[in-house]
Amino acid sequence: MKYYVLFGPPGAGKGTQATAMVEKYNLHHISTGALLRKEIAAGSELGKLAKDLIEKGNLVPDEVVEGMIENEFQTVTGVDGFLLDGFPRTLPQAEALDQIIAKTGESVTATVSIMIPDAMIMERIKGRALKEGRADDASEEIINTRIETYHNQTEPLIEYYTKAEKYHEIDGIGTIDEVRDRIFSVMDKF
Ligand code: ADP
């Protein structure tokens, strides 16, 4: 199995590009953000716990998302691998992921990082807010908290995966097709 991590700041275009990636490489897309929003919509206990945290721009506890990931790995079959979108987002999550995958004798295949500057994050999320109406896209204050959360808690993963020689960064500025082709040229190596 292939285990790809799709990395990048909020608004980098991970969800958009994930669609093309899963299709071309026969992967199962796991978006922790989408899974959490589904729990919120269903009004589950997990959803209730996640709602306030997400709508303030904070992360949900590591154990919650780690459990969701392991569950997907165990229940999805018939694919050549998994595309993790929005996970891991903290160092403990990255370590947990390594341990979960190690149980099957495998390891993370590659991290593909879509990079855009902070100014563009705000612009893109504001555009998305008009189309998707996500509560955590609704105000500049929440978006700024998410950008801060990204820099403080998620960015250290760049060093983690660089040291593991699994970090592949691509420029997220350009058209959707241009960025997609840059991603494909990295993934074609694996
Ligand atoms: P974006 O890519 O715009 O940040 P996501 O849909 O990936 O949006 O995530 C939305 C929110 O869901 C995050 O701001 C966070 O609160 C929560 N979330 C998603 N993935 C994780 C994770 N791996 N760990 C903790 N919280 C998460």
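Name the residues whose placed amide hydrogens come within less than 5 Å of the amide hydrogen of Lys166, ignoring near sequence neighbours (fewer than 5 apart) on the same chain.
HN-HN under 5 Å from Lys166: empty list.
Karplus couplings for the stretch 133-146 from phi (6.51 cos²θ - 1.76 cosθ + 1.60, θ = phi - 60°), rounded to Hz, Gly and Pro as x?
With the stated coefficients, the stretch 133-146 comes to x, 5, 4, 7, 9, 6, 9, 4, 4, 5, 4, 5, 4, 5 Hz.
Pick from Val65, Val76, Val22 the residue whose mean-square fluctuation is largest in a GNM of the chain, springs joining Cα atoms under 10 Å.
Among Val65, Val76, Val22, the largest mean-square fluctuation in the Gaussian network model of the chain belongs to Val76.
Once amide H atoms are placed 1.01 Å from N in the peptide plane, what residues at a sequence separation of 5 or more from Phe82, or on another chain, have their amide H within under 5 Å of its amide H?
Those qualifying (amide H under 5 Å, at least 5 residues apart or on another chain) are Lys2, Tyr3, Tyr4, His28.
Taking amide hydrogens as modeled 1.01 Å from N in the peptide plane, which residues meet the under 5 Å criterion relative to Phe7, leaving out close sequence neighbours?
Hits under the 5 Å cutoff: Val112, Ser113, Ile114.
Looking at the stretch 80-180, which chymotrypsin sites (Phe, Trp or Tyr not before Pro) are in a loop (DSSP not H, G, I, E or B) and have at most 10 other Cβ atoms within 10 Å?
When the chymotrypsin sites (Phe, Trp or Tyr not before Pro) of the stretch 80-180 are filtered for loop state and at most 10 Cβ neighbours within 10 Å, nothing remains.
If you filter the stretch 113-147 for GluC sites (Glu not before Pro), then keep DSSP loop positions with at most 14 other Cβ within 10 Å, what is left?
none
Convex hull over the alpha-carbon atoms of the stretch 38-139: what's its volume per residue in Å³?
Dividing the Cα hull volume of the stretch 38-139 by its residue count gives 143 Å³.
Apply the Karplus parameterisation 6.51 cos²θ - 1.76 cosθ + 1.60, with θ equal to phi minus 60°, to every residue of the stretch 88-93 and state each ³J(HN,Hα) to the nearest whole Hz, in sequence, with x for glycine and proline.
x, 10, 9, 4, x, 5
In Å, what is the Rg of the alpha-carbon atoms in the stretch 84-132, and how long is Dmax?
15.4, 44
For Glu159 paired with Ala34, estimate the spin-label separation in nm (one decimal), with each label point 7 Å from Cα along the Cα-to-Cβ line.
Simple spin-label model gives 3.3 nm for this pair.
Run the 1.4 Å probe and let me know the accessible area of Met68, rounded to the nearest 10 Å².
Around 20 Å² of this residue is reachable by solvent.
Mean projection of the alpha-carbon convex hull of the chain over all orientations, in nm²?
Averaged projected hull area, Cα only: 10.2 nm².
How big is Rg to Rh over the stretch 109-190, alpha-carbon atoms, Rh as the Kirkwood inverse-mean-distance radius?
So for the stretch 109-190, dividing Rg by the Kirkwood Rh gives 1.02.
Among Lys14/Lys166; Lys14/Lys126; Lys2/Lys51; Lys38/Lys126; Lys166/Lys189, which pairs are too far apart, with a Cα-Cα distance over 20 Å?
As for pairs spanning more than 20 Å Cα to Cα, those are Lys2/Lys51; Lys38/Lys126.
At 0.36 nm per residue, minus the direct Cα-Cα distance, what do Met122 and Ala102 gain on full extension? Give it in nm, one decimal, please.
Length gained, Met122 through Ala102: 3.5 nm.
The values are calculated or read from the model by the stated rules, or taken from the named source; none is laboratory data. Keep in mind the model is a prediction, meaning the values are calculated, not measured. Note that we place each Cβ from the backbone using ideal geometry, even for glycine, and neighbour counts take in every protein chain shown. For accessibility, only protein heavy atoms count, side chains too; no ligands or nucleic acids. Shrake-Rupley method; radii C 1.70, N 1.55, O 1.52, S 1.80 Å.
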